[in-house]
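Worksheet for the structure shown next.
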Amino acid sequence: MPPPRKTNQHPEKTLLRNFTNITLYFFTKIINNIKTKHYYTKFGFTLAETLITIGIIGIVAAMTLPSLIQDHREKETVAKLKKINSILSQALVRAINDTGTTVDQWNLEGEDSKNGSQVLVEDYFKPYFKIADDCSQLKTCIGNKKYKYLNGKEHIAYDGQNSYKHLLLADGTLVIFHVSSGFKNCSTDALNYYSNCADIYVDTNGYYKGPNQFGKDSFIFAMKKNRIIPYGTKREAPKFSQACNKYSSYGYDCTAWVIQNENMDYLHCDDLDWNKKIKCK
């Protein structure tokens, strides 16, 4: 029985490579034709040859630009997510040092209370951020359309969530704080939702630029009593291909992958693994 054929995970790249080969072939034919007919004695190409060349360049550009733009956006998202991870971690360390207490000792209300998130931001985090808008007028920071999971299904709209506190940072990142219902248990360091002091939702390019989708521009961090942890660590989500799958998962557990492996290749292939394969190619 013959071995199974490998699935081409990048058909667009194969198509582009084939098209480039064909383009080079015809371009070479044109040049050879010019030399054969002694066109080199003239000072330039004919109109037909010029139009053919421009057409080829245009088609190649149309095929390559979308891929280049997406690659640029992903690299930009990786850089911004690493930056906000550093900003959040440094802010927490400074707040702990300045107060002489850990998060579980702060006077916060859990159980989805607005006071908890409001106090967390105003009293403990806000002094350490460069803020463009404190979102007191919520519409300046976020609209009423729902965010989406990585699999494309709708999540919730964070504009009407009274238990959340929003901040728009100077670099355009939207940060949403939520003191979790597990606050009373956050003195432990267990990696699960019910022991988080708070959850921090990050939209790397702000709400109004979209796509507002987890795993693409929206990511989650967990706040423990003395540190910030990105969702989806190797320990928390060992089966990455299931935890961050563009067809079946919510996308919550993509955060740690982007920060640690510095790529968003889970958008392009579905067989990534913490130990065996951290890139599509």
Being assigned to a helix (DSSP H, G or I) and either within 30 Å of Ser248 (Cα to Cα) or in contact with a Leu (Cβ under 8 Å, 6 or more places away or on another chain) (or both) is the filter here, so list the residues in the range 126-137 that pass it. Lys126
Failed condition for Ala256, given (1) on the phi > 0 side of the Ramachandran plot; (2) surrounded by 22 or more Cβ atoms within 10 Å (Cβ to Cβ), with all others met? (1)
How about the range 143-176: which of its residues are in contact (Cβ under 8 Å) with a residue 60 or more places away in the chain and within 20 Å of Asn115 (Cβ to Cβ)? Val175
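Suppose the filter is hydroxyl-bearing (Ser, Thr, Tyr), assigned to a loop (DSSP other than H, G, I, E, B) and either on the phi > 0 side of the Ramachandran plot or at pLDDT 85 or above (or both); does Thr77 pass it?
So Thr77 does not fit the description; no.
Within the range 165-197, work out how many residues are among the aliphatic types (A, V, I, L, M), in contact with a helix residue (DSSP H, G or I) (Cβ under 8 Å, 6 or more places away or on another chain) and at pLDDT 90 or above. Please lay out each step first, then the result.
We begin by selecting, within the range 165-197, every residue among the aliphatic types (A, V, I, L, M); these are 167-170, 174-176, 179, 190-191.
Filter once more, keeping what is in contact with a helix residue (DSSP H, G or I) (Cβ under 8 Å, 6 or more places away or on another chain): 167-169, 174-176, 179.
If we keep only those that are at pLDDT 90 or above as well, we get 167-169, 174-176.
Looking only at that region, the number is 6.
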Pairs, first touching a residue at least 24 places away in the same chain (Cβ under 8 Å) and within 15 Å of Gly206 (Cβ to Cβ) in the range 72-91, second in a helix (DSSP H, G or I) and among the hydrophobic types (A, V, I, L, M, F, W, C), C-beta under 7 Å, six or more apart: Leu81/Val258; Leu81/Ile259
Go through the residues of the range 104-121 one by one and say whether even a single one is at pLDDT 95 or above and not polar (S, T, N, Q). no
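Is one or more of the residues making up the range 260-274 within 24 Å of Val121 (Cα to Cα), out of contact with any His (no Cβ under 6 Å at 6 or more places or on another chain) and not in a loop (DSSP other than H, G, I, E, B)?
Going through the range 260-274, the residues within 24 Å of Val121 (Cα to Cα) turn out to be none.
Looking through the range 260-274, none of the residues is within 24 Å of Val121 (Cα to Cα), out of contact with any His (no Cβ under 6 Å at 6 or more places or on another chain) and not in a loop (DSSP other than H, G, I, E, B).
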Could you please let me know if Lys279 is surrounded by 19 or more Cβ atoms within 10 Å (Cβ to Cβ), touching a helix residue (DSSP H, G or I) at 6+ places or on another chain (Cβ under 6 Å), basic (Lys, Arg) and not in a strand (DSSP E or B)? no
Just for the range 80-118: of the residues that are part of a helix (DSSP H, G or I) and over 28 Å from the mean Cα position of the chain (by Cα), which one is surrounded by the fewest Cβ atoms within 10 Å (Cβ to Cβ)? Asn97
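The values are calculated or read from the model by the stated rules, or taken from the named source; none is laboratory data. Keep in mind that this is a model prediction, so the values were computed, not measured. Neighbour counts run over all protein chains shown; Cβ positions are idealised from the backbone, glycine included.
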